[in-house]
Amino acid sequence: MAKHTSNAIYPECPIRNVLARISDKWSMLILRELMLKSPLRFSELQHAISDATPKMLSLSLKALEEDGIVDRKAYPEVPPRVEYRLTPRGEEMLKAMKPLIDWAANNMEDILRDRTVSATQHT
């Protein structure tokens, strides 16, 4: 099982608990890939998110599965085949997050330019 993530100071705060789970380095990238194509095998996710180590990818997938956001299905085959897909909860969450994903894509060029300008002004 994945490590339980909650906020010790505000254990009943939904937003802190959900953000703690999905704000790690890999979860949103996993969800984005599953939004684009589902189901995906572990190796396909690893290829799509090549800078994630297998261990970190696995831990993030387990955490998302633990929260009912991602479904893992293992097939009794040799070699074993495991597929991941969004659950209805995961799909609902991504609908809510899609505006943020789109905003990031639409504003990234300007944000990077502003960062460069700011960095040169503060040196």
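The values are calculated or read from the model by the stated rules, or taken from the named source; none is laboratory data. Not measured: the values here are computed from a predicted model. Cβ atoms come from the backbone with ideal geometry, glycine included; neighbour counts cover every protein chain shown. Heads up: the accessible areas ignore ligands, DNA and RNA and are worked out on the full protein's heavy atoms, side chains in. Shrake-Rupley method; radii C 1.70, N 1.55, O 1.52, S 1.80 Å.
Taking a ≥ b ≥ c as the square roots of the Cα gyration tensor eigenvalues, with a/c under 1.5 meaning rounded and otherwise prolate when a/b beats b/c, else oblate, which class fits the range 1-109? Walk me through the intermediate numbers first.
Working: a/c = 1.75, a/b = 1.24, b/c = 1.41.
Oblate, because a/c is 1.5 or more while a/b does not exceed b/c.
Over the chain, give the accessible area per residue in Å² for a 1.4 Å probe, as an integer.
On the way: 8650 Å² over 123 residues.
Computed with neighbouring chains in place, this is 70 Å² per residue.
Rounded to the nearest 500, what is the chain's calculated 222 nm mean residue ellipticity when only DSSP H runs of at least 4 contribute -39500 (n - 2.57) each, over all residues?
-19500 deg cm²/dmol
Of the heavy-atom accessible surface of the chain (probe 1.4 angstrom), what whole percent is carbon and sulfur?
So the carbon and sulfur contribution to the accessible surface is 58 percent.
How big is the charge dipole of the chain about its Cα centre, in debye rounded to the nearest 20, if each Lys and Arg gets +1 on its Cβ and each Asp and Glu gets -1 on its Cβ? Intermediate values should be presented prior to the final figure.
Working: 18 positive and 17 negative charges, 43 e Å.
Rounded to the nearest 20 debye, it is 200 debye.
Amide H neighbours of V70 under 5 Å, at least 5 residues apart or on other chains, H built in the peptide plane: list them.
E65, T87
So if I place +1 on the C-beta of Lys and Arg and -1 on the C-beta of Asp and Glu, and nothing else carries charge, what would the dipole magnitude of the range 66-123 be about its Cα centre? I want it in debye, nearest 20.
I would put it at about 80 debye.
Going by alpha carbons, how many degrees (0 to 90, nearest 10) lie between the helix axis of 54-66 and the longest principal axis of the chain?
For 54-66 against the chain, the angle is about 80 degrees.
Given labels modelled 7 Å from the Cα in the Cβ direction, how far is it in nm from S23 to L112?
2.5 nm
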